[in-house]
Amino acid sequence: MQIHATIRSLRSALQERIALVPTMGNLHEGHIALMKQAGELADKVVATIFVNRLQFRPTDDFEKYPRTFEADCEKLEAAGVAHLFAPDEAEMYPTPQQYHVEPPPAQAGILDGEFRPGHFRGVATVVLKLFNIVSPQVALFGKKDYQQLMVIRNMVREFNLAIEIVAGETVRAADGLALSSRNGYLSQAERAEAPYLKRLLDGVRREFLAGERDFARLEDQAMSELRARGWIPNYVAVRKKIDLQLPTAHDSELVVLGAALLGSTRLIDNLEV
Ligand code: PAF
């Protein structure tokens with residue numbers, strides 16, 4: 001029996017704090033690190049696995065997105081996750097979704113949003129639904145998807161949702177490659193080349209720290225270097241952390257982001273400055 005001498009202690013004991021970690025499955029160490037972080041912040045962790053059609057374009061890889069449900073369940077059990085919500089499409093979208101969260105183009109139409117139109121609308125819509133279904137006090141998202149994290153933070157703030165958004169650090173392989181479900185699409189040769197993206201972003205970061213403030217030059221040079229090694233870059237960008245808008249020479253809270261195709265696999269990464 002717990003004995004409570006204060007109202008605060010009684011109330012907090014009666015309120016179970018729930019942490020939500022939304023995923024699309026195909027779980028790797030990055031997801032598991034988020035689950036463990038969630039376990040430190042709450043009494044119960046609720047994970048979700050739902051491959052959300054709304055955030056894929058017709059030309060994207062929705063059908064071929066890896067589905068590894070059994071292996072995912074084993075990993076979640078081992079990480080101490082209490083509940084897994086794994087709905088099918090009929091459960092999440094019993095009728096076609098007609099109401100959507102439309103993040104502002106200045107935040108969702110840039111960087112990844114420029115190359116994946118409608119992506120963040122689909123993400124924000126499903127995340128709001130998951131928030132309403134699970135009613136968590138805290139929700140965790142990885143920094144690897146930096147723009148997604150920013151869009152969700154702003155959605156929560158502007159809709160006054162009583163949910164704390166916590167960011168998880170990007171988990172990397174020993175050679176620096178950020179863990180991602182999409183890494184599984186890489187051929188052996190592509191996998192060997194893939195860590196170059198992080199090294200490149202690191203180079204941009206170092207130049208910035210050494211005093212370079214010509215962001216356009218830094219970005220152009222990095223894109224050329226990617227092209228020279230056979231990548232098809234979407235963008236390399238130095239942006240403000242807070243809203244991913246263009247920095248001035250005086251801003252210091254920055255992040256270097258990059259996205260590029262290696263063969264047919266689109267990799268993204270970022271490094272905070
Ligand atoms: O980051 C993801 O896996 C997805 O975008 C999310 C947040 C689970 C929404 O479908």
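The values are calculated or read from the model by the stated rules, or taken from the named source; none is laboratory data. Quick caveat: nothing in here was measured; it's all calculated off a predicted structure. With ideal geometry, Cβ positions are generated from the backbone for all residues, glycine too; neighbour counts draw on all protein chains shown. These accessible areas exclude ligands, DNA and RNA; they are computed on the full protein's heavy atoms, side chains included. Shrake-Rupley method; radii C 1.70, N 1.55, O 1.52, S 1.80 Å.
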*With respect to Gly109, is the statement that it is modelled with pLDDT of 95 or more, more than 15 Å from the ligand (Cβ to nearest atom) and either surrounded by 19 or more Cβ atoms within 10 Å (Cβ to Cβ) or farther than 23 Å from Glu169 by Cα (or both) true?*
yes
_I need every pair where a residue in the range 142-157 that is within 15 Å of Pro22 (Cα to Cα) and at pLDDT 95 or above has its Cβ under 7 Å from the Cβ of a residue that is more than 8 Å from the ligand (Cβ to nearest atom) and among the basic types (Lys, Arg), sequence separation at least 6 or different chains._
Leu149/Lys143
_Unmet criterion (only one of (1) part of a loop (DSSP other than H, G, I, E, B); (2) touching a Lys or Arg at 6+ places or on another chain (Cβ under 8 Å)) for Arg67_ = (2)
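Yes or no, residue by residue, for (1) at positive phi; (2) touching a Pro at 6+ places or on another chain (Cβ under 8 Å); (3) not in a loop (DSSP other than H, G, I, E, B):
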position: Pro94; (1), (2), (3): no, no, no
position: Gln97; (1), (2), (3): no, no, no
position: Gln107; (1), (2), (3): no, no, yes
position: Gly113; (1), (2), (3): no, yes, yes
position: Phe120; (1), (2), (3): no, yes, yes
position: Ala124; (1), (2), (3): no, yes, yes
position: Leu128; (1), (2), (3): no, no, yes
_Number of positions in the range 10-19 that are touching a residue at least 12 places away in the same chain (Cβ under 8 Å) and among the basic types (Lys, Arg)_ = 1
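Run down Val81, Val45 and say which single residue is surrounded by 18 or more Cβ atoms within 10 Å (Cβ to Cβ) and in a strand (DSSP E or B).
Details: Val81 fails: in a strand (DSSP E or B).
Going through Val81, Val45 in turn, just one is surrounded by 18 or more Cβ atoms within 10 Å (Cβ to Cβ) and in a strand (DSSP E or B): Val45.
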*Exactly one condition in (1) within 12 Å of the ligand (Cβ to nearest atom); (2) open to solvent by 70 Å² or more (accessible area, probe 1.4 Å) is not met by Phe159; state its number.*
(1)
*Somewhere in the range 92-100, is a residue open to solvent by 50 Å² or more (accessible area, probe 1.4 Å), among the aromatic types (Phe, Trp, Tyr) and away from the ligand (no atom under 12 Å from the Cβ)?*
yes
*Residues in the range 233-254 that are open to solvent by less than 50 Å² (accessible area, probe 1.4 Å), under 16 Å from Glu212 (Cβ atoms) and in contact (Cβ under 8 Å) with a residue 12 or more places away in the chain: how many?*
6
*Have a look at Tyr196, Tyr185 and point out the one that is among the aromatic types (Phe, Trp, Tyr), open to solvent by 20 Å² or more (accessible area, probe 1.4 Å), in contact with a strand residue (DSSP E or B) (Cβ under 7 Å, 6 or more places away or on another chain) and more than 17 Å from Gly142 (Cβ to Cβ).*
Tyr185
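Among the listed residues Gly184, Gly258, which satisfies the condition of being outside any loop (DSSP other than H, G, I, E, B) and in contact with a helix residue (DSSP H, G or I) (Cβ under 8 Å, 6 or more places away or on another chain)? Outline the logic, then answer.
Details: Gly184 fails: in contact with a helix residue (DSSP H, G or I) (Cβ under 8 Å, 6 or more places away or on another chain).
Going through Gly184, Gly258 in turn, the sole match is Gly258.
Please work out if Pro22 is free of Cβ contacts under 8 Å to residues at least 24 places away in the same chain and either in contact with a strand residue (DSSP E or B) (Cβ under 8 Å, 6 or more places away or on another chain) or not in a helix (DSSP H, G or I) (or both). Talk me through it step by step, then tell me what you get.
Working: free of Cβ contacts under 8 Å to residues at least 24 places away in the same chain: no; either in contact with a strand residue (DSSP E or B) (Cβ under 8 Å, 6 or more places away or on another chain) or not in a helix (DSSP H, G or I) (or both): yes.
No: the conditions fail for Pro22.
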